[in-house]
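The values are calculated or read from the model by the stated rules, or taken from the named source; none is laboratory data. Note that the coordinates shown come from a computational prediction; the quantities given were computed from them, not determined experimentally. Heavy atoms of the whole protein, side chains included, go into the accessibility calculation; ligands, DNA and RNA do not. Shrake-Rupley method; radii C 1.70, N 1.55, O 1.52, S 1.80 Å.
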Amino acid sequence: MKYICSLLFLFSISACIEPFDYEVENYQRVLVVDAVITDAANADTVKISYTVPIDGSSPEPAENATVYIRTGADLRIDFKELEQGIYTSPEGFRALPGEVYRLFITTEEGDTYRSDAEKLVPSPPIDSIYGRYEEVLSQDNKVIQGIQFFLDTGVETGEAAFFRYEWEETYRVITPLRSFLTFNASNKTFEERTENISTCYATNTSRELLLATSVLNRDQRLSESPIRFVNQEPDILRSRYALLVRQYAISQKAYDYYKKLQESIRTGGSLFDQQQGAIIGNIRSVSNPAQPALGYFEVAGISEKRTFFNPRNFEPPFVRPDFRFDCRSGPRALELSDIDLIAETLARGGLNVVTIDTMTGMVFIISESCTDCTGYASNKKPDFWID
């Protein structure tokens, strides 16, 4: 059942017409391919699925397909299905700079697909990643204060002139207070806490298309390419922050494809918008040329860089964010001798023991949110983390 508000009734008392039922007509089941191979040592994947009707559920994985790539020298590299519709390159495979690759797919039903040839161009190194205070407007025209992160390549990009980016941010969370003790309700005793629950690490990854080109730059360098804007209000930048950027050197055809896809994402969404057709990539049906395929086979050189930041690295008017929970009232003090009251208070839940002052005989307790960050982050320090 759908409801549509007609623009013709904009100034009337009721703005909506009667609900109506709809049926999906002329639905065409189309293969969707998400494939990227690089010159990095990690495994490459090819994800294959089928489109579903607008009233359907999640995409249908294309299982039991034959997936391989061929090089310009006609060397065949087979991919193995490890999960439903996800095919992985053999161990030790990495694409070579200057080599040409083509993707081949044969579905379980016997339909065959082939990509255009794509050549791998090495990615120049990322020279620097840095942040600067900026103010941006939200969709409802409110000013958002924060840090805009940029990157420079620092060298001539050479043959690589078109780029796609991904970022991964990791930030440290330190609660205002640390809980050193736990309370054993069965025997009403205090025990030393064995793990630190007050220092954690949270990670987010990019979800948007980030593109750049050096074609119009005289020196063939990339300078001040915007990568990630971090709102100042959340406490992401309160402590230590790490930003990893992956730079993919892609072909102009891949860049043009992603630009069209990017524009479609930005302008789509309204029933009254001009509807765009499917954005066709570089994959074609061999067995049935009239059958479309969606997606792109990307061959890319990759470089990456991770940079750490502390709040002092950002100049005013940046202000170090407050902790996400209000802990300014401080811990509550209870007399150690009144163990029944302590047990009753802690049994209500949502509280942690901070410490015991043996000099005054007082037990200090406070909300879990002021001592425990494991509910929204991990207290395991990442292997790459540098304090």
Can you list residues whose amide H is under 5 Å from I279's amide H, if they're 5+ apart or on another chain and H is modeled 1.01 Å from N? none
I need the per residue convex hull volume for the range 92-180, using only the alpha carbons, in cubic angstrom as a whole number. 352
Please work out the C-alpha center-to-center distance from the range 334-382 to the range 100-140 and express it in whole Å. 49
Can you pull the percent of the chain's accessible area that's carbon plus sulfur, 1.4 Å probe, other chains left in place? 49
If you line up the long axis of helix 252-267 against the longest principal axis of the chain, both from Cα atoms, how many degrees apart are they, to the nearest 10? 60
Relative contact order (%) - the range 162-287, alpha-carbon pairs under 8 angstrom, separation at least six: 36
In units of 2.2 N^0.38 Å, what is the alpha-carbon radius of gyration of the range 213-272? 1.58
Applied in sequence order to the range 237-248, the curve 6.51 cos²θ - 1.76 cosθ + 1.60 (Karplus, θ = phi - 60°) yields integer Hz couplings, x standing for Gly and Pro, of 9, 6, 10, 8, 9, 10, 10, 9, 10, 9, 10, 9
So what's the back-of-envelope 222 nm ellipticity for the chain, counting only DSSP H runs of four-plus at -39500 (n - 2.57) apiece and dividing by all residues, rounded to 500? -2000 deg cm²/dmol
Would you mind estimating how fast the range 118-235 diffuses translationally, via Stokes-Einstein at 25 °C and 0.890 mPa s with the Kirkwood radius over Cα pairs, in µm²/s? 134
Using modelled backbone amide H atoms (1.01 Å from N, in-plane), which distant-in-sequence or interchain residues come within less than 5 Å of M362's amide H? L336, D357
May I ask for the Rg/Rh ratio of the range 237-387, computed from Cα atoms with Rh as the Kirkwood radius, given to two decimals? 1.24
Residue-wise, which Karplus ³J(HN,Hα) couplings in Hz belong to the range 296-310, taking 6.51 cos²θ - 1.76 cosθ + 1.60, θ = phi - 60°, and x for glycine or proline? 8, 9, 9, 10, 9, x, 10, 9, 8, 8, 10, 10, 9, 9, 10
Could you work out the relative contact order of the chain, using alpha carbon pairs under 8 angstrom and six or more residues apart, expressed as a whole percent? 18
Per residue, the convex hull enclosing the alpha carbons of the chain has a volume in Å³ of 254
Rounded to whole Hz and in sequence order, give me ³J(HN,Hα) for the range 103-120 from the Karplus expression 6.51 cos²θ - 1.76 cosθ + 1.60, θ = phi - 60°, writing x for Gly and Pro. 9, 10, 9, 10, 6, 4, 7, x, 6, 10, 9, 9, 8, 5, 6, 10, 9, 7
For the range 121-180, what is the relative contact order in percent, using Cα pairs closer than 8 Å and at least 6 residues apart in sequence? 35
Rounded to the nearest whole Å², what accessible area per residue is found for the chain with the 1.4 Å probe? 58
